[in-house]
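Notes follow once the structure below has been shown.
The values are calculated or read from the model by the stated rules, or taken from the named source; none is laboratory data. Every value quoted in this text rests on a predicted model; they were computed, and no experiment measured them. We place every Cβ from the backbone using ideal geometry, glycine too, and count neighbours over all the protein chains shown. Accessible surface is based on the protein model in full, side chains and every heavy atom, while ligands, DNA and RNA are left aside. Shrake-Rupley method; radii C 1.70, N 1.55, O 1.52, S 1.80 Å.
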Amino acid sequence: MQDLKVLSPEEIKGLDEPRISPSQHQTDYSKKIYLESYGCQMNFADSEVVTSILMEQGYSTTSNIQEADTILLNTCAIRENAEQKIRHRLQSFKPLKAKNPHITVGILGCMAERLKTQLLEEEKIVDLVAGPDAYRDLPRLLEEIEDGNKAVNVFLSREETYGNIDPVRLHTNGVTALVSIMRGCNNMCSFCVVPYTRGRERSRDLDSILRECINLFNSGYREVTLLGQNVDSYHWQHPETDQSVNFAQLLEQVAQLKPELRVRFSTSHPKDITNEVLHTMAAYDNICKNIHLPAQSGNNRILDLMNRTYTREWYLDRIQSIRTILGESCGISHDLIAGFCSETEEEHQDSLSLLEEVKYDFGYMFSYSERPGTPAEKKLADDIPEEIKKRRLQEIIDLQRKHSAYKNQLMIGTTQRVLVEGDSKKSSAHHFGRTDNNKVVVFPKKEEMKGKFVDVKITHCTSGTLLGELIN
Ligand code: SAH
Ligand code: SF4
Ligand code: F3S
């Protein structure tokens, strides 16, 4: 809710005079915004909120940067190379800005939050810096720039969830959509910048989540992915009834909306994912049997240094529960970091042996990148040489690729329910979609089936894709 402004006697007197905006001139809302997004799904979901806020104010959007009046980059700060990418992108705007000095360049998201006004000093081309909780303020910030000022808002909120904003779907296939259910993170993994860029954890109100999901279904969408840095921490208290809702209960309510609406979620934290969540998943056909469970390392000393607050044994026990409650075919994916501070060769072998033991379907794998201001940067030496990090990462990637191929091969001969998302990237004679356990399937098209559930018999595979044919 916006604070009510108390008017001074002078302002009250002035009310019958022609309205002049605080910037002394009319803001030109016909201006076109060009927005690029980087980083995780949450950033992509945020860009849809940003677009909604700006369009509500009358701004229009464009996908052609040449015709943009304002260029916004929604940025990521998770690793050094994510920030380097943005800095290079900013360089590439220089000819545009030289041609048209009135173009506004704005940095949104996690890099904006991390660097704050430092960004304005280091990157002269930047006019606007807005952190992840400042998006409602964007119209005012843009107005400030029209007055010839630079504009910054990096205030982190304890309440903001953008719950009442209807995101404008960007780059949409009209079938699958992201729905943010919480923001921020209260965990303090020692390597991670997210608690500093996204602030404290807060959960979005249940009704607004359910409303967004049902609206998506009514607009033809057939899959929602509920998003949060740590979805298992979802906790919302009804302001009037005091009734509280945890993640398992939220999941159940979303699943009950429509049996034809698939539900996915990301990300789960191994210390928090409960059997209640797993049993809820088992009870509903439309909750997809796929869990992203970042491991980060397979070694207990490293997990402790990372402050992940679980052990390898605890993690493997969670994997066991997933397989017992949801069956062997449940998709499981991971995140893993190679070359964290002081990691020995044996400790790296523990990460490889974790992969061997679990045999994940998929993984996101990274080499450790020290982030300023994090506990690891303050207390631990980033002492693994780059070439060793690189070699360890490659070993992890190679092993994961082998397992992905193995897991895909297990599916040959089975019949899978697939939600069709559109034409395959390589050929318009083929459709592509996803199985319940989140594997991409490509199959020859018979008729237009986008947004439909179909049964596909899996006949071949690569390590990344299943190939199959439609079953009548
Ligand atoms: N909230 C999620 C993940 C958030 S960031 C979770 O807790 O798992 C996504 C992934 O980026 C992390 O899982 C981690 O594997 C990786 N990551 C985060 N900080 C990193 C760093 N400093 N260097 C390398 N990888 C990092
Ligand atoms: Fe970062 Fe850990 Fe929070 Fe994930 S749980 S966002 S890795 S601090
Ligand atoms: Fe990057 Fe921020 Fe997401 S740092 S990974 S965009 S939460």
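Could you tell me whether Arg169 is touching a strand residue (DSSP E or B) at 6+ places or on another chain (Cβ under 9 Å), of a type in the set (Lys, Arg) and crowded, with 21+ Cβ neighbours inside 10 Å?
So Arg169 does not fit the description; no.
Residues that are more than 12 Å from ligand 1 (Cβ to nearest atom) and among the polar types (S, T, N, Q): which helices (runs of 4 or more DSSP H) entirely in the stretch 299-413 hold 3 or more of them?
Numbers: elements: 300-305, 312-326, 345-358, 375-379, 386-409.
In the stretch 299-413, the matching helices (runs of 4 or more DSSP H) lie at 312-326, 386-409.
Need the failing condition index for Thr225 against (1) part of a strand (DSSP E or B); (2) open to solvent by less than 10 Å² (accessible area, probe 1.4 Å); (3) in contact with a Lys or Arg (Cβ under 7 Å, 6 or more places away or on another chain), just the number.
(2)
Would you pick out the residues in the stretch 247-262 that are crowded, with 22+ Cβ neighbours inside 10 Å and out of contact with any Lys or Arg (no Cβ under 7 Å at 6 or more places or on another chain)?
So the first thing to find is which residues in the stretch 247-262 are crowded, with 22+ Cβ neighbours inside 10 Å, and the list is 247, 250-251, 254, 262.
Phe247, Leu250, Leu251, Val254, listed by residue number.
Output the residue which, of all residues in the stretch 423-458 that are polar (S, T, N, Q) and open to solvent by less than 50 Å² (accessible area, probe 1.4 Å), is farthest from Tyr406 (Cα to Cα). Can you show your working first?
Pass one, the stretch 423-458, residues polar (S, T, N, Q): 424, 427-428, 435, 437-438.
Now restrict to residues that are open to solvent by less than 50 Å² (accessible area, probe 1.4 Å): 424, 427, 435, 437.
Details: Ser424: 23, Ser427: 26, Thr435: 16, Asn437: 15 Å.
Filtering the stretch 423-458 for residues that are polar (S, T, N, Q) and open to solvent by less than 50 Å² (accessible area, probe 1.4 Å), the one farthest from Tyr406 (Cα to Cα) comes out as Ser427.
Check off (1) loosely packed, with under 14 Cβ neighbours inside 10 Å; (2) in contact (Cβ under 8 Å) with a residue 40 or more places away in the chain; (3) not basic (Lys, Arg) for Pro375 and give me the number that stays unchecked.
All conditions pass for Pro375, except number (1).
Counting only residues that are among the charged types (D, E, K, R) and under 29 Å from Arg262 (Cβ atoms), how many does the stretch 284-335 have? Working first, answer last.
Just the residues of the stretch 284-335 that are among the charged types (D, E, K, R), to begin with: 285, 289, 301, 304, 308, 312-313, 317-318, 323, 328, 335.
Still in the list and also under 29 Å from Arg262 (Cβ atoms): 285, 289, 317-318, 323, 328, 335.
Summing the residues that are among the charged types (D, E, K, R) and under 29 Å from Arg262 (Cβ atoms) in the stretch 284-335 gives 7.
Restricting attention to strands (runs of 3 or more DSSP E) lying wholly within the stretch 83-181, give those where 2 or more residues are touching a residue at least 24 places away in the same chain (Cβ under 8 Å) and of a type in the set (Ser, Thr, Tyr).
Counting at least 2 such residues, we get 176-180.
Check the stretch 187-198 and report whether any residue there is in contact with a Leu (Cβ under 8 Å, 6 or more places away or on another chain), more than 15 Å from ligand 3 (Cβ to nearest atom) and open to solvent by less than 20 Å² (accessible area, probe 1.4 Å). Spell out how you get there, then give the answer.
First, pick out the residues of the stretch 187-198 that are in contact with a Leu (Cβ under 8 Å, 6 or more places away or on another chain): 190, 198.
Those still in the list that are more than 15 Å from ligand 3 (Cβ to nearest atom) too: 190.
Filter once more, keeping what is open to solvent by less than 20 Å² (accessible area, probe 1.4 Å): 190.
Looking for residues that are in contact with a Leu (Cβ under 8 Å, 6 or more places away or on another chain), more than 15 Å from ligand 3 (Cβ to nearest atom) and open to solvent by less than 20 Å² (accessible area, probe 1.4 Å), one finds at least one in the stretch 187-198, hence yes.
Looking at Leu128, is it open to solvent by less than 10 Å² (accessible area, probe 1.4 Å) and within 19 Å of Gly148 (Cβ to Cβ)? Before you say what the answer is, go through the steps one by one.
Numbers: open to solvent by less than 10 Å² (accessible area, probe 1.4 Å): yes; within 19 Å of Gly148 (Cβ to Cβ): yes.
Criteria met by Leu128.
Yes/no matrix, rows are residues, columns are (1) open to solvent by 10 Å² or more (accessible area, probe 1.4 Å); (2) touching a residue at least 12 places away in the same chain (Cβ under 8 Å):
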site	(1), (2)
Met281	no, yes
Lys289	yes, yes
Asp304	yes, no
His334	no, yes
Ile337	yes, yes
Glu345	yes, no
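Go through the residues of the stretch 150-169 one by one and say whether even a single one is acidic (Asp, Glu) and within 16 Å of ligand 2 (Cβ to nearest atom).
Step one: of the stretch 150-169, the residues acidic (Asp, Glu) are 159-160, 166.
Right, trim to within 16 Å of ligand 2 (Cβ to nearest atom) and you get none.
No: zero hits.
Name every residue in the stretch 83-114 that is open to solvent by 10 Å² or more (accessible area, probe 1.4 Å), within 16 Å of ligand 1 (Cβ to nearest atom) and over 24 Å from Arg169 (Cα atoms), in order of residue number.
Gln84, Lys85, Arg114
Tell me, yes or no, whether the stretch 57-67 has at least one residue that is open to solvent by less than 60 Å² (accessible area, probe 1.4 Å), away from ligand 2 (no atom under 16 Å from the Cβ) and on the phi > 0 side of the Ramachandran plot.
At the first step, the residues of the stretch 57-67 found to be open to solvent by less than 60 Å² (accessible area, probe 1.4 Å) are 58-60, 62, 65.
Those still in the list that are away from ligand 2 (no atom under 16 Å from the Cβ) too: 58-60, 62, 65.
After this cut, where a residue has to be on the phi > 0 side of the Ramachandran plot as well, the list is 58.
Scanning the stretch 57-67, I find at least one residue that is open to solvent by less than 60 Å² (accessible area, probe 1.4 Å), away from ligand 2 (no atom under 16 Å from the Cβ) and on the phi > 0 side of the Ramachandran plot, so the answer is yes.
Assigned to a helix (DSSP H, G or I) and in contact with a strand residue (DSSP E or B) (Cβ under 8 Å, 6 or more places away or on another chain) - does that describe any residue in the stretch 182-192?
So in the stretch 182-192, the residues assigned to a helix (DSSP H, G or I) come out as none.
Checked against the condition, which is being assigned to a helix (DSSP H, G or I) and in contact with a strand residue (DSSP E or B) (Cβ under 8 Å, 6 or more places away or on another chain), the stretch 182-192 yields no hits at all.
Can you report the number of residues in the stretch 362-389 which are in contact with a Cys (Cβ under 9 Å, 6 or more places away or on another chain) and of a type in the set (Asp, Glu)?
3
All but one of (1) outside any loop (DSSP other than H, G, I, E, B); (2) small (Gly, Ala, Ser); (3) in contact with an Asp or Glu (Cβ under 9 Å, 6 or more places away or on another chain) hold for Ser208, so report the exception by its number.
Status for Ser208: all satisfied but (3).
Would you pick out the residues in the stretch 62-82 that are within 16 Å of ligand 1 (Cβ to nearest atom) and more than 18 Å from Glu48 (Cβ to Cβ)?
Of everything in the stretch 62-82, those that are within 16 Å of ligand 1 (Cβ to nearest atom) and more than 18 Å from Glu48 (Cβ to Cβ) turn out to be Ala77, Ile78, Arg79, Glu80, Asn81, Ala82.
Just to be sure before I move on: is Tyr315 under 14 Å from Ile396 (Cα atoms) and modelled with pLDDT of 95 or more in the structure I sent?
On the way: under 14 Å from Ile396 (Cα atoms): no; modelled with pLDDT of 95 or more: yes.
When the stated conditions are applied, Tyr315 does not pass them.
Yes or no: Val231 open to solvent by less than 30 Å² (accessible area, probe 1.4 Å), within 10 Å of ligand 1 (Cβ to nearest atom), within 17 Å of Glu113 (Cβ to Cβ) and within 18 Å of the chain's Cα centre (by Cα)? So that I can check it myself, show each step before the final result.
Details: open to solvent by less than 30 Å² (accessible area, probe 1.4 Å): yes; within 10 Å of ligand 1 (Cβ to nearest atom): yes; within 17 Å of Glu113 (Cβ to Cβ): no; within 18 Å of the chain's Cα centre (by Cα): yes.
For Val231, the condition - open to solvent by less than 30 Å² (accessible area, probe 1.4 Å), within 10 Å of ligand 1 (Cβ to nearest atom), within 17 Å of Glu113 (Cβ to Cβ) and within 18 Å of the chain's Cα centre (by Cα) - is not met.
Within the stretch 203-220, can you find the residues that are surrounded by fewer than 22 Cβ atoms within 10 Å (Cβ to Cβ) and in contact with a Gly (Cβ under 7 Å, 6 or more places away or on another chain)?
The answer is Asp205, Ser208, Gly220.
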